[in-house]
Amino acid sequence: MQRLLLAVDRASTWIGQFFAWTIVILTLGISWEVFSRYVLNTPHDWNLNVQIMLYGTLFMMAGAYTLAKNNHVRGDVLYGFFTPRTQAWIDLVLYVLFFLPGIVALTWAGWTYAMEALAIREKTFSATPLPLYPFKFIIPFAGAMLLLQGIVEIVRCTQCIRAGEWPSREEDVEEVDVDKLKEMVHVSDADIASLDKYVAVPKEGRS
């Protein structure tokens, strides 16, 4: 079971990292449009639509990735003081009452929305219309991935309720561990303290 849960974590991570590259395309597109508009005086009416579609794709596809890393925003003023088993019960209730109905509705409605756009070959409203219907399929795809990752989190809740501690999850980005960094570069606190004499400002030179 743990292998299956981690496999879903890895899938959500890979998909999230893949679509994260849209921020590079988005940045380049915005930069080019600013240069084209204000330097070359040749604005493009379609560029804004591309920006909106790319940002929407980036936002939607970050959902499952963020859930896999347990990084969605929560009001944990009191939550952090609870035992893991109590946290798991709270999460489980919230997943069942709010998460599952909401994400199922998003996925179902998104699929209907995308199929309707495909049927009419929907395009953007601009002087240079762009095909819009392919991007509409991002909605049900993102919803399905978020639903799959949510089911994994529900399983983790049940495991924590039984075992009393949270099971492991796929890791990706971590905050800098200063102590671990010191070990990696073989630097001690004494070495850092010895550098003070090179950066200290003489008292008579201070104002």
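Quick notes
- For the condition assigned to a helix (DSSP H, G or I) and modelled with pLDDT of 95 or more, Ala88 does not qualify.
- Considering Phe141, Phe135, the condition of being aromatic (Phe, Trp, Tyr), modelled with pLDDT of 95 or more and surrounded by 13 or more Cβ atoms within 10 Å (Cβ to Cβ) is satisfied by Phe141 alone.
- Remark: Lys197 falls outside the filter, which requires a residue to be modelled with pLDDT under 95 and surrounded by 13 or more Cβ atoms within 10 Å (Cβ to Cβ).
- The single condition among (1) out of contact with any Ser or Thr (no Cβ under 9 Å at 6 or more places or on another chain); (2) assigned to a helix (DSSP H, G or I) that Ser126 does not satisfy is (2).
To keep it simple, each residue is scored yes or no on (1) among the hydrophobic types (A, V, I, L, M, F, W, C); (2) under 22 Å from the mean Cα position of the chain (by Cα); (3) surrounded by 14 or more Cβ atoms within 10 Å (Cβ to Cβ); (4) at pLDDT 90 or above.
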| position | (1), (2), (3), (4) |
| --- | --- |
| Gln17 | no, yes, no, yes |
| Phe35 | yes, no, no, yes |
| Gly56 | no, yes, yes, yes |
| Thr66 | no, yes, yes, yes |
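- Members of the stretch 13-67 found to be in contact with a His (Cβ under 8 Å, 6 or more places away or on another chain) and β-branched (Val, Ile, Thr), listed by number: Thr66
- Considering Gly110, Gly102, Gly164, the condition of being out of contact with any Gly (no Cβ under 9 Å at 6 or more places or on another chain) and either crowded, with 16+ Cβ neighbours inside 10 Å or touching a residue at least 24 places away in the same chain (Cβ under 8 Å) (or both) is satisfied by Gly164 alone.
The values are calculated or read from the model by the stated rules, or taken from the named source; none is laboratory data. Small disclaimer: the values here were computed from a predicted structure and weren't measured. Please note: Cβ atoms are built from the backbone with ideal geometry, for glycine as well, and neighbour counts cover all protein chains shown.
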